[in-house]
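Below is one structure, written out as structure tokens; comments come after it.
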Amino acid sequence: MGCIMATSVRGKNLEITAALKDYVLKHEKKIMKYFDTDVALQAMLSVEKERKIAELTLRVDGVVLRVVETGEDMYAAIDIVFDKMVRQIHKYKTKLARRIKDGSFKPTLVTESPESDEAFEIVRTKTFTPQPMDVEEAILQMNLVGHDFFVFLNADTDKISVVYKRKHGKYGLIEPEA
């Protein structure tokens, strides 16, 4: 198998030393052996308070695989996040190959989840009429209904947007590109 792996290593609240970058690049071989097509791998290493976070995003043939690991030691987090990525590749590669072969493949984001290999089942569908509002009002509405996210028509951009509550208690905003 001869693929080209384009790997980037970035840091957030952390300086990427040559040793950290080399450590990530040493691990890319674990992933490279599974593909015979070009692969883009992005490693984001960050520090939040005492937590060290290693996040990998792999793009191959229109598929995006993403895994995150948090720990007290960055090198250990890197080891574990690469092991998780390998498990995710194993888990989804056969399914993806089958879907590509039968023509039902559509590019998708796949994240590691604790669920088993069961098919995802939609048990409820909701419809709504999006109301125009600004971001602050959407956050208030989200908190009033007690959800982790809220879909709304952004009055400033006239586009459907989503506000959501992040792990650390702050908020995020998802907007479509122009």
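The table below gives the values:
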read-out: Residues of segment 119-178 that turn out to be of a type outside the set (Gly, Ala, Ser), over 23 Å from the mean Cα position of the chain (by Cα) and exposed (fewer than 10 other Cβ atoms within 10 Å of the Cβ), as a count; value: 10
read-out: Test for residue 57: is it at pLDDT below 90 and within 12 Å of residue 7 (Cβ to Cβ); value: yes
read-out: Subset of segment 10-44 that is over 19 Å from residue 88 (Cβ atoms) and touching a Leu at 6+ places or on another chain (Cβ under 7 Å) - its residue that is modelled with the lowest pLDDT; value: 14
read-out: Count of segment 17-38 residues which are acidic (Asp, Glu) and in a helix (DSSP H, G or I); value: 2
read-out: Looking only at segment 17-36, and only at residues there that are over 21 Å from the mean Cα position of the chain (by Cα) and touching a residue at least 12 places away in the same chain (Cβ under 8 Å), the one that is least open to solvent (accessible area, probe 1.4 Å); value: 20
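The values are calculated or read from the model by the stated rules, or taken from the named source; none is laboratory data. All values derive from a computational prediction rather than experimental measurement. We place every Cβ from the backbone using ideal geometry, glycine too, and count neighbours over all the protein chains shown. The accessibility values were calculated without ligands, DNA or RNA, using every heavy atom of the protein model including side chains. Shrake-Rupley method; radii C 1.70, N 1.55, O 1.52, S 1.80 Å.
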